[in-house]
Amino acid sequence: MHDGGHCYLCPVSTVASILLGADGSTSKDGNSRALSTPADRARFLEFRRSADVIVVGGATARAENYSQTPIPVVIVSHQLPDVIGVNPRAIWWNASPLQAVIRARIEFGERVHIEGGAAFLIPLLEQGCIDQLRVSVSPVTQGSHKVAFKDLTSYFFEVVKEQVDETFFYTCSKPTVTQK
């Protein structure tokens, strides 16, 4: 079944992940660590290991620890990130998120894992550049940088929910918008 260049029978290649607190917060105390649960962390690391490259927004790279990654990490930012020179696998591109994802596929392989906040992900979702979105929702509340869950999942026809301990995992697939 093909739809605008995406083949739903083929392996997913561009996957984005985001962690939300139960109230939609994407950070607490300056990063996502306080929102994470053991189940979320284990799944997140598993997703990372299955990719060819990580593409991350500059704000996320500044807030989170990217000093070590199992695979190359491309940091998309207008300013040189501090992690350059610390992580030998870190690469800086001053590009749009879409340009970075396309270039990452060409230079590193089809399996691109995108990490970033809503401001980084939504333009990619709007352009049909994400084949699958993985949303983890932890029970933590009172964080900051809130995003509505439905604003993220509305870009997909299929949303599958799973619960592990106190964490809910949503796998969103079959994008409503396809890349031009």
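The values are calculated or read from the model by the stated rules, or taken from the named source; none is laboratory data. From a predicted model like this one, the values you see are computed outputs, not experimental measurements. A quick note on method: Cβ atoms are made from the backbone with ideal geometry, for glycine too, and the neighbour counts reach across all protein chains shown.
The figures follow:
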| item | result |
| --- | --- |
| Only listed residue being surrounded by 18 or more Cβ atoms within 10 Å (Cβ to Cβ), small (Gly, Ala, Ser) and not in a loop (DSSP other than H, G, I, E, B), chosen from ALA100, ALA34, ALA42 | ALA100 |
| Some residue of segment 143-160 being in contact with a strand residue (DSSP E or B) (Cβ under 8 Å, 6 or more places away or on another chain), surrounded by fewer than 17 Cβ atoms within 10 Å (Cβ to Cβ), within 20 Å of SER50 (Cβ to Cβ) and of a type in the set (A, V, I, L, M) | yes |
| Selection status of ILE91, in a loop (DSSP other than H, G, I, E, B), farther than 27 Å from ALA148 by Cα and at pLDDT 90 or above | no |
| Qualifying positions in segment 153-180 - more than 18 Å from VAL140 (Cβ to Cβ), free of Cβ contacts under 8 Å to residues at least 40 places away in the same chain and either touching a helix residue (DSSP H, G or I) at 6+ places or on another chain (Cβ under 7 Å) or aliphatic (A, V, I, L, M) (or both) | TYR155, VAL159, VAL160 |
| Filter pass, ILE114 being part of a loop (DSSP other than H, G, I, E, B), touching a residue at least 60 places away in the same chain (Cβ under 8 Å) and crowded, with 19+ Cβ neighbours inside 10 Å | no |
